Amino acid sequence: MTLAAISAAITLYAENPSDTFICIETEKSSMILEAREGEVIFHHYGSKVGDPAQFKGLNSYRRADYGTDPQAYPATGGRYFNEAALTIEHPGSQWNTELEYISHHSYGVSDGVTRTCVFLEDPMTAVKVQLIYDAYRDEDVIICHSEITNGGKKDIILRNFYSSSLPVKAGRYLLTHFHGSWAREMQMTSEVLTNGIKTIETRKGVRTTHTENPSFILSLDTDSWNENYGEVIAGALAWSGNYRLSFQIDETDRLNILSGINPHASAYTLGKGETFVTPEMIYTYTDEGAGQASRNLHDWARNHGCYDSSITCPTLLNSWEGAYFDFDTRTITDMIDDVKDMGLEMFVLDDGWFGTEYPRNNSRQGLGDWEPNTAKIPEGIGYLADYAHSRGVKFGIWIEPEMVSPKSRLAKEHPEWIVGSEGREKTTIRNQWLLDLSNPEVQDFVFGIFDSTMKLAPGIDYIKWDCNRHVESFGSTHLDEQSHFWIGYTQGFYNVLRRIREKYPEVIIQACASGGGRVEYGALKWFNEVWTSDNTEALSRVFIQYGTNMIYPASVTGSHVSAVPNHQTNNITPLKFRFDIACAGRLGMELQPKDMTEEERDLARQAITTYKEYRDLIFHGDLYRLSSPYGSDHYALMYVSKDKKRAVVFGYCIKYQARTLVPVFRLNGLDPDTRYSIKELNTEKPQFWGDGKTLEGRWLSNHGINPQLVKLYDSGIWYLEAEE
Ligand code: DGJ
């Protein structure tokens, strides 16, 4: 949009700043603020309430000496005593900030997206704050962030600088969030909040989402999870560094949600005239339960939030669990032949292809020295890529560019690039140190690794960007202010990704960080997909994928079929169960195909062929969760096309109880008046008596299907198509 067009589109409301409503609206939700007596008061986030003027004169019956009415962006100072969105230290002076309303305006950014900017200022300190709300009409999503400007003459120190503050008033707050650890990511837990503060955060940096994910689902006025009914606010922060989500129920029983960069050890000095831009906090509201909240987030992610969601990431074979570091040219070309034979579309060469002086034949050395290991692949990476391409197979390759092994040339040449605190021992995780991306020289180096890897062969189609450690003993030789490290690292990471995307807009890039260590919307602005978890075992994946797809769409979650006994858990599951789980996301395989029997290959070929026929539903359709794996014997979900003409249903038995327990899955999202043909895929022995029949949408939803999934790891996939 040109500047002239923007100003033409701007709607100015601020005629009378002391009595002004600020309405941020989507199709089914609204957020209403009011500029009142100099402050910006937060009135409402929820279903529509009609004319905002009805809020005029709203009396909260707050005692004047008992704090303030809920503010849109509360700052430490004045009468505000809860955890504040903004806390500013004026060195040698004061810590008070009292923001006053200046003006606001709204304008259309694109079809269906409206931006509202609210300007605030503390007249005494000249601190200016802009609150920015982007309303996505069709997805019912509102994104909030703030920009803080030091309009004064001296440096100020930001102590709290959250992206958003959201006050919510309900009788009960059921908070659902996602926690775990390596290989156990996105485990879901729900709790009714009580007075006080509940915090979800990371202080580890870089690999930020293993232990907690910066997202939540808040169900209002209930103490139990409901998939299809009830008021829900879901949120996710787009930031790849330390974050904090804080949920404080105050003495008025109001829940105040703050979300943004974690202020821990991150005091940020802002010089005269400088502006600090906080990351985006993505919210959705619905009164149709958690299922609709997920669908709203998925729609927003695919339409706006994730890097080029229009593409369908190809099915692939990754070399890691099939070969680890132990391969030569023949191993790889054989795997590429197997890719072709099974009908997969891409081969990805994982760790182990580089390092000459310190060859990367194990995880103890070589990171940082990114020249191909010609002892291992004498013909070069270009040969492998050509081999794949000549067989109609795409080619991808693994890098871990933010890292350096102590045993590497790079560590000797550039010790000053390694994260650490002067004079203290640099600790290793997985035998590696972290490069300091807050340093522009390191940013150049990391960009250069990506660039040179892309040049190893014409037409590299996919890069798996790994990251196998987090920060310890933080510190940078480059920074004057060490507390700027965490933010500087993340900004440096984004600088590199911005440059990469300018030069390589089309290459598919996966964010992997020991599996699910970078599953968040800040990374997904640049990456096409994430490696959901290093745990490829199908039963564990039930819970990991269930949790991850609460917030992030299946189109971005890589899910691979691996060998048994599983390398992470030792569990043994049938190949069909493994495929039926992996097919509910972006399908791949991660094993040595040579170890498969002919019968297993046949099943793989069949599963891959049918997956390609319905995967558009997984990538672009609506997710309906039919049965939760938590506390139940069966897990089931389905995806429905936007026009409701096609659907695919997945069902699994995940716990053996008794053969008498036959599940009933009531389908969802279908058109009640349409008759759907039902076909069970990838089996000679259908487990549902309705296979091959045509049944009405209303029957399928109101009665449901009862497939005979009675033994542990029984599973099925049913494809539904509307009768013409
Ligand atoms: C950790 C990743 O998550 C794995 O998939 C694999 O790429 C290894 N790193 C390679 O070192």
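All of the numbers you see were taken from the coordinates with simple rules; none came from a lab. Since the structure is predicted, the reported quantities are computational estimates derived from the model, not experimental observations. Here Cβ is always computed from backbone atoms with ideal geometry, including for glycine, and neighbour counts include all displayed protein chains.
Taking amide H as placed 1.01 Å from N in the peptide plane, the amide H of GLU274 sits under 5 Å from that of ASN150, each at least 5 places away or on another chain.
Estimated from helices alone, the mean residue ellipticity of the chain at 222 nm is -6000 deg cm²/dmol (sum of -39500 (n - 2.57) over DSSP H runs with n ≥ 4, per residue).
Each peptide among 117-129, 576-588 gets the average number of other Cβ atoms lying within 10 Å of its residues, and from highest to lowest they stand as 576-588, 117-129.
Computed from the C-alpha gyration tensor, the three semi-axes of the ellipsoid equivalent to the chain are 43, 35, 21 Å, from longest to shortest. Taking every DSSP beta bridge that has both ends in the chain, the antiparallel portion is near 85%. With neighbour counts taken as other beta-carbon atoms within 10 Å, the residues THR202, THR114 rank, fewest first, as THR114, THR202.
Highest average first, the peptides 172-178, 90-96 ordered by how many other beta carbon atoms sit within 10 Å of their residues are 172-178, 90-96.
Calculated FRET efficiency, THR312 to SER452, Cβ-Cβ distance, R0 = 30 Å: about 0.60 to the nearest 0.05.
Exceedance of the 18 Å cut-off in Cα-Cα distance is limited, within the set LYS455/LYS503; LYS644/LYS679; LYS525/LYS642; LYS594/LYS685; LYS503/LYS525, to LYS525/LYS642; LYS594/LYS685. As a rough footprinting exposure proxy, the listed residues PHE543, PHE347 were ranked by other beta carbons within 10 Å of their own, and the order from fewest upward is PHE543, PHE347. Packing here is the average count of other Cβ atoms within 10 Å per residue, and on that basis the peptides 455-468, 676-689, highest first, run 455-468, 676-689. For region 402-455, the normalised intensity computed at q = 0.18, 0.26, 0.28 Å⁻¹ comes to -0.60, -1.12, -1.22 (log10 of I(q)/I(0), Debye sum over alpha carbons, equal scatterers, no solvent). Ordering GLY271, HIS210, TYR243 by Cα displacement along the dipole of region 205-280 toward the positive end leaves GLY271 in first place; charges were set at the Cβ atoms of Lys, Arg (+1) and Asp, Glu (-1). Beta bridges from DSSP with both residues in region 29-144: antiparallel share about 95 percent, rounded to the nearest 5. In straight-distance terms, cross-link reach from LYS645 covers every one of the aspartates and glutamates whose alpha-carbon lies under 19 Å from its own, apart from those fewer than eight places away in the same chain; here that gives ASP299, GLU613, ASP616, ASP622, ASP671, ASP673, GLU680, ASP691, GLU696, GLU721, GLU723, GLU724. Taking a point 7 angstrom from the Cα of LYS272 along the C-beta vector, which residues in region 129-167 have backbone N less than 17 Å away? Only 149-157 fall inside the zone, counting backbone N under 17 Å. Most simply put, region 219-369 has about 80% antiparallel DSSP beta bridges, counting only bridges with both residues inside it. Database remark: amide H of THR20 closer than 5 angstrom to the amide H of ALA35 (H placed geometrically; neighbours at sequence offset of 5 or more, or on other chains; Pro and chain starts carry no H).
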